[in-house]
Amino acid sequence: MLYNVDEKGYYGQFGGAYIPEMLYPNVEELRQQYLKIMAEPDFKAEFDQLLKDYVGRPSPLYFAKRLSEKYNTKIYLKREDLNHTGAHKINNTIGQILVAKKLGKKRIIAETGAGQHGVATATVCALMGLECIVYMGEIDIARQAPNVARMKMLGATVRPALSGSRTLKDATNEAIRDWINNPVDTHYIIGSAIGPHPYPDMVTRFQSVISEEIKWQLKEKEGRENPDYVVACIGGGSNAAGTFYHFLHEPEVGIIAVEAAGKGIHSGHSAATSKLGKVGIIHGCKTLLMQTPDGQITEPYSISAGLDYPGVGPMHAHLAETGRAEFFSVTDDDAMQAGLELCKLEGIIPAIESSHALAVLNDKKFKPEDVVVICLSGRGDKDLNNYIEYFKI
Ligand SMILES: Cc1ncc(COP(=O)(O)O)c(C=O)c1O
């Protein structure tokens, strides 16, 4: 079984490029160029150098001793929270801004949910001196205020998305509309492993540095490259895609994906796509998405802005359908408790998205000798107000 994209842009039945005519030249240019550009020695050199000196990679693989004692298994945290700008999102934006430069683009647009991708995009635009416009749902602008301020300080324009649930899906719709209206000079930096081919594959390749590092770091610490399990949360699926990438075809590595169950899978307020999703088309790709019987997209809900999305990327839809990955759905309450537990046991305040991945420790029993690597996708600074409100701190 092949879990990577095929030459037509599909993962099994999922993926492809379902786009309006106006976007065809842009997406086709990207499809023809991205692998060539990524293989160029000067591109690779600049990408690697920026990841090292600007982002601060490699991110540590940290053995979480007290957490391991509590759950009676060996837990390592992949510390993407320590990256510049506070999450894994910067790995992808560094890669895509270099691709945009190679393609001669002058204007950058992006969508953002938690604001981490927006901040990471505003950051690389400042770094390269390019104009930056970030679309963000009105609800997310309110719940992720510190990141909105950061984007503005970095010189970006933040445009609110006022339709639908006023969250990530609606911000993505606005960004696609902008791209249709500005097809020539604009590059759309998609922030997750979603969108029309080649985006899911391109984003996954940029994020795959996460599992590339886990392999050699684990070899140093445990004497073997492969853990027993890798665990990551899933919004659209970019930190998960990067964490899983080099383990997809290693059958001894269990792959665990964690999505948001919001107020409960069947509460009508969730983003549990693997449980509730049906095959459909969203934002340019065929994937699993939450929809009504007549095909209208269901408004998603999660306390975590980054997981509040009605679909998953096509790679993850394929991993779910084939059973290669085990999917868990974690409620707001369980995620918040897991986040607080990490604060108390390890002195690390995680992003609420990452807290969902941590909550799996309560849902799945690991063996004492298991090595479990959890991707800590981001830090919790942006979520402080949510934590304060939730715990009445
Ligand atoms: C810290 C963090 N983790 C996870 C996610 C979810 O995105 P993805 O599934 O693309 O990794 C986000 C999205 O904003 C995020 O900010």
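The values are calculated or read from the model by the stated rules, or taken from the named source; none is laboratory data. Remember, it's a predicted structure, so these values are computed and weren't measured experimentally. Because the Cβ atoms are built from the backbone with ideal geometry, glycine has one as well, and the counts that use them run over all protein chains shown. To get the accessible areas, we keep the full protein, side chains included, count just its heavy atoms, and leave off ligands, DNA and RNA. Shrake-Rupley method; radii C 1.70, N 1.55, O 1.52, S 1.80 Å.
Over 19 Å, how big is the tail of the calculated P(r) for segment 286-351, in percent of all Cα pairs? Counting every Cα pair in segment 286-351, those more than 19 Å apart make up 50 percent.
Scanning residues 5 or more positions from Arg159 or on other chains, those with amide H under 5 Å from its amide H are Val134, Tyr135, Met136, with H placed 1.01 Å from N in the peptide plane.
What per residue convex hull volume, in Å³, do the alpha-carbon atoms of segment 181-331 yield? Don't skip to the answer; put the middle values down first.
Details: hull volume 18.4 nm³, N = 151.
Dividing the Cα hull volume of segment 181-331 by its residue count gives 122 Å³.
Here is the list for segment 349-392: trypsin sites (Lys or Arg not before Pro) lying in DSSP coil, each with at most 13 other C-beta atoms within 10 angstrom of its C-beta, are Lys365, Lys392. Most simply put, the chain has about 30% antiparallel DSSP beta bridges, counting only bridges with both residues inside it. The Glu21 and Lys215 beta-carbon pair, evaluated with R₀ = 51 Å, returns a calculated FRET efficiency of approximately 0.75. The order of the peptides 41-48, 82-89 by mean Cβ neighbours within 10 Å, most packed first, is 82-89, 41-48. In this Cβ point-charge picture (+1 for Lys and Arg, -1 for Asp and Glu), segment 262-353 has a dipole of about 300 debye about its Cα centre.
Note on Glu369 and Leu2: the extension gain reaches 129.2 nm, defined as 0.36 nm multiplied by sequence separation minus the Cα-Cα distance. In whole angstrom, how far apart do the alpha carbon centroids of segment 209-239 and segment 263-289 sit? One Cα centre to the other: 26 Å. In deg cm²/dmol and to the nearest 500, what is the mean residue ellipticity at 222 nm of the chain if only DSSP H runs of at least 4 residues count, each as -39500 (n - 2.57), divided by the residue total? Counting only the DSSP helices, I get -12500 deg cm²/dmol. Along segment 139-151 the Karplus relation, 6.51 cos²θ - 1.76 cosθ + 1.60 evaluated at θ = phi - 60°, assigns HN-Hα couplings of 5, 5, 4, 6, 7, 10, 3, x, 6, 5, 4, 4, 4 Hz to successive residues, with x for each Gly and Pro. Summarising the label geometry, the points placed 7 Å from Cα in the beta-carbon direction at Lys278 and Asp48 lie 4.9 nm from one another. Averaging the sequence gap over all C-alpha pairs within less than 8 Å and six or more residues apart, then dividing by the number of residues, gives the chain a relative contact order of 20 percent. Spherically averaged projected area of the convex hull of Cα atoms, the chain: 17.4 nm². Cysteines in the chain that lack a partner Cβ within the 4.7 Å cut-off: Cys233, Cys285, Cys343, Cys375. For the chain, the solvent-accessible area works out to 38 Å² per residue, with a probe of 1.4 Å and every protein chain left in place.
Each Cα pair under 8 Å and six or more residues apart adds its sequence gap; the mean of these over the residue count of segment 87-135 is a relative contact order of 43 percent.
Between Asp381 and Arg66, the modelled labels are 2.3 nm apart [label points 7 Å from Cα along Cα→Cβ]. Listed values for segment 32-39 are Karplus-derived 3J(HN,Hα) couplings in whole Hz (6.51 cos²θ - 1.76 cosθ + 1.60, θ = phi - 60°), namely 6, 9, 4, 6, 4, 4, 5, 8, and x replaces Gly and Pro. For segment 189-268, with all protein chains in place and a probe radius of 1.4 Å, 46% of the accessible heavy-atom surface sits on carbon or sulfur. Stretching the chain fully between Val184 and Gln296 yields a gain of 37.2 nm (0.36 nm per residue, less the alpha carbon separation). Scanning residues 5 or more positions from Gln291 or on other chains, those with amide H under 5 Å from its amide H are Lys278, Thr298, with H placed 1.01 Å from N in the peptide plane. In sequence order, segment 166-179 has phi-based couplings of 6, 10, 4, 4, 6, 5, 5, 4, 5, 5, 5, 4, 4, 5 Hz under the Karplus curve 6.51 cos²θ - 1.76 cosθ + 1.60, θ = phi - 60°, and Gly or Pro positions carry x.
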